[in-house]
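Visitor: Once you've had a glance at the structure underneath, I'll fire off some questions.
The values are calculated or read from the model by the stated rules, or taken from the named source; none is laboratory data. Predicted, not measured: the structure shown is a model, and the values here were computed from it. Note that we place each Cβ from the backbone using ideal geometry, even for glycine, and neighbour counts take in every protein chain shown. Each accessible area value is taken on the protein alone, full model and side chains, heavy atoms only, with ligands, DNA and RNA left out. Shrake-Rupley method; radii C 1.70, N 1.55, O 1.52, S 1.80 Å.
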Amino acid sequence: MPGAIRLLVLSIMIRWLVASIELPLLERVFWSAIATMLGIVAVAWALLVLNGVVERYTQRRLQGIAHGEIVAMLRLVRRVADVLVVAAGGLVTLHYFGVDPTAALAGLGIGGIAVALAAQKTLENVVGGVSIIVDQAVRVGDFLKLGDTLGTVDSIGLRSTRIRTLDRTILSVPNGQIANVNIETLSARDKFWFHHFVGLRYETTSGQLRAIVDSIRSYLGAHPMVDRSEAIRVRFFRFGPFSLDVELFAYVFAGDWEAFLETQQDLLVDVMGIVERAGASFALPSQTLHVDDARGGASSANRIGAARSARLEAPRQAVGPA
């Protein structure tokens with residue numbers, strides 16, 4: 001039999017023997033106390049074993065659909081339940097021996113406050129981890145942006161969350177910090193924003209510009225990966241410093257970031273083909289230098305050169321007669 005059952009059977013047998021055999025009062029009290037202690041230990045032991053069985057059963061039921069945060073949550077619940085069982089057993093023991101547990105509970109309350117103040121950051125991270133798991137603000141496998149960090153959630157613990165960055169390093173972030181910052185979950189997007197500017201050279205004519213805008217709008221509206229229920233905007237946006245800027249605005253269906261990059265590449269290459277077929281070209285950052293009338297510039301240069309020569313000859317004439 002399991003150990004808890006053996007202790008419980010032993011406690012029952014001792015009580016039966018004490019009730020059946022004539023014993024002195026002190027021995028009767030002694031063996032009754034032993035039987036009671038064995039019974040309390042047996043019940044507490046059985047409850048602790050039951051907590052472990054329930055935890056393992058729940059893990060098996062959730063196997064394949066549960067993530068690491070669920071396992072951590074189950075472990076926390078079991079630890080709390082174990083502590084409650086042990087505390088209840090201690091209180092029952094004190095009550096049996098005639099000790100008032102009120103003072104002990106008050107002492108535990110003061111000690112708990114002291115421990116909570118000493119472990120404030122740890123408790124903050126634990127509470128933050130529980131809130132993250134319950135609220136499911138962050139889940140294992142999510143690709144998110146946390147501050148300036150981009151990465152995939154590798155695991156969620158009770159104290160910290162581990163994020164695998166784009167450099168393939170592991171970044172451990174305390175759960176209390178995650179609960180107090182803005183998190184952008186990029187992998188939860190149902191569609192991606194396609195937003196670019198096409199810079200055309202200023203030599204582009206108005207007819208070419210209209211043809212390019214209309215062709216790109218028709219192309220995006222007919223593309224199967226572009227969401228036609230949302231606004232598709234292709235507009236001549238502004239006269240830029242060195243280009244005529246055309247804005248492209250649309251939403252693209254994609255399952256993840258890699259699929260969006262693939263679709264975006266196809267769209268941009270096709271837009272380049274539309275610009276080339278219209279006879280236009282893309283602008284490069286450039287500057288134009290306009291030179292004034294060469295005749296006026298030459299006369300000014302001659303005057304400057306003559307004045308400079310006069311200043312150079314003056315010291316020679318002053319030194320010669322001396």
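Visitor: For the stretch 180-240, with all protein chains present and a 1.4 Å probe, just round the carbon and sulfur fraction of the accessible area to a whole percent.
Guide: On the way: 1980 of 3890 Å².
The C+S portion of the solvent-accessible surface of the stretch 180-240 is 51 percent.
Visitor: Using Cα pairs under 8 angstrom and six or more residues apart, how large is the relative contact order of the stretch 1-48, in percent? All intermediate terms of the calculation are to be shown ahead of the outcome.
Guide: Details: 34 pairs, mean separation 28.0, N = 48.
Reported relative contact order: 58 percent.
Visitor: Which shape class applies to the stretch 1-100: rounded if a/c is under 1.5, otherwise prolate when a/b exceeds b/c and oblate if not, where a ≥ b ≥ c are the square roots of the Cα gyration tensor eigenvalues? Numbers along the way, then the final one.
Guide: Values: a/c = 7.27, a/b = 2.41, b/c = 3.01.
Oblate is the answer for the stretch 1-100, as a/c is 1.5 or above yet b/c matches or exceeds a/b.
Visitor: Let me check something: with ligands and nucleic acids excluded, how do Tyr219, Tyr202 order by accessible area (1.4 Å probe), largest to smallest?
Guide: On the way: Tyr219 50, Tyr202 105 Å².
These residues rank, largest area first, as Tyr202, Tyr219.
Visitor: Further, regarding this structure: Efficiency by 1/(1 + (r/R0)^6): what FRET value for Ile113 and Leu186, r their Cβ-Cβ distance, R0 = 56 Å, to the nearest 0.05? Before the final figure, lay out the partial values.
Guide: Details: r = 42 Å, r/R0 = 0.75.
Step by step, r from the Cβ atoms, then E = 0.85.
Visitor: Express in Å², to the nearest 10, the accessible area of Asp214 obtained by rolling a 1.4 Å probe over the protein heavy atoms while all chains stay in place.
Guide: Here the accessible area works out near 80 Å².
Visitor: Distance in nm between label sites at Leu26 and Leu91, each 7 Å beyond Cα in the beta-carbon direction?
Guide: In this crude label model, Leu26 to Leu91 measures out at 3.5 nm.
Visitor: With a sphere of radius 15 Å drawn around the Cβ of Val43, what net charge do the other residues whose Cβ falls strictly inside it have (Lys, Arg +1; Asp, Glu -1)?
Guide: Working: positive: Arg6, Arg15; negative: Asp82.
Counting the neighbours of Val43, the net charge comes to +1.
Visitor: Could you report the accessible area of Phe237 in Å², rounded to 10, computed with a 1.4 Å probe on the protein chains as they sit in the structure?
Guide: Phe237 exposes around 100 Å² with every protein chain in place.
Visitor: Now for a separate question. Using a 1.4 angstrom probe on the protein heavy atoms only, line up Met37, Met272 by accessible area, largest first. Show your work: numbers first, answer last.
Guide: Numbers: Met37 65, Met272 85 Å².
Sorted by accessible area, descending: Met272, Met37.
Visitor: How much accessible area does Ile34 have with a 1.4 Å probe, in Å² rounded to the nearest 10?
Guide: The accessible area of Ile34 comes to roughly 60 Å².
Visitor: Full-extension gain between Leu171 and Asp100, please, as 0.36 nm times their residue separation minus the C-alpha to C-alpha distance.
Guide: On the way: separation 71, 0.36 × 71 = 25.56 nm, distance 4.98 nm.
Here the segment from Leu171 to Asp100 would lengthen by 20.6 nm.
Visitor: How high is the relative contact order of the stretch 233-283, given as a whole-number percent (alpha carbon pairs under 8 Å, six or more residues apart)? Don't skip to the answer; put the middle values down first.
Guide: Working: 31 pairs, mean separation 12.2, N = 51.
Dividing the mean separation by the residue count of the stretch 233-283 yields 24 percent.
Visitor: Between Leu150 and Val269, what FRET efficiency follows from the Cβ-Cβ distance if R0 is 25 Å, with the result rounded to 0.05? Walk me through the numbers before you get to the answer.
Guide: Values: r = 26 Å, r/R0 = 1.02.
For Leu150 and Val269, the calculated efficiency is 0.45.
Visitor: Can you give the net charge of the other residues whose Cβ lies under 13 Å from the Cβ of Val86, counting K and R as +1 and D and E as -1? Kindly include the intermediate steps, with their values, before the conclusion.
Guide: Values: positive: Arg78, Arg79; negative: Asp82.
The answer is +1.
Visitor: Please compute the length gained on full extension between Arg233 and His290, using 0.36 nm multiplied by the number of residues separating them and subtracting their Cα-Cα distance.
Guide: Taking Arg233 through His290 to full extension adds about 16.8 nm, to one decimal.
Visitor: Answer rounded, prolate or oblate for the stretch 185-271, using the Cα gyration tensor with square roots of eigenvalues a ≥ b ≥ c: rounded when a/c is under 1.5, else prolate when a/b is larger than b/c, else oblate. Each step should come with its number before you reach the end.
Guide: Values: a/c = 2.44, a/b = 1.96, b/c = 1.24.
It is prolate, given that a/c is not under 1.5 and a/b is the larger ratio.
Visitor: Hey, another quick one. Just by accessible area at a 1.4 angstrom probe, what is the order of Ser281, Ser32, Ser20 from largest to smallest? Don't skip to the answer; put the middle values down first.
Guide: Details: Ser281 50, Ser32 25, Ser20 70 Å².
Reading off the accessible areas and sorting them downward yields Ser20, Ser281, Ser32.
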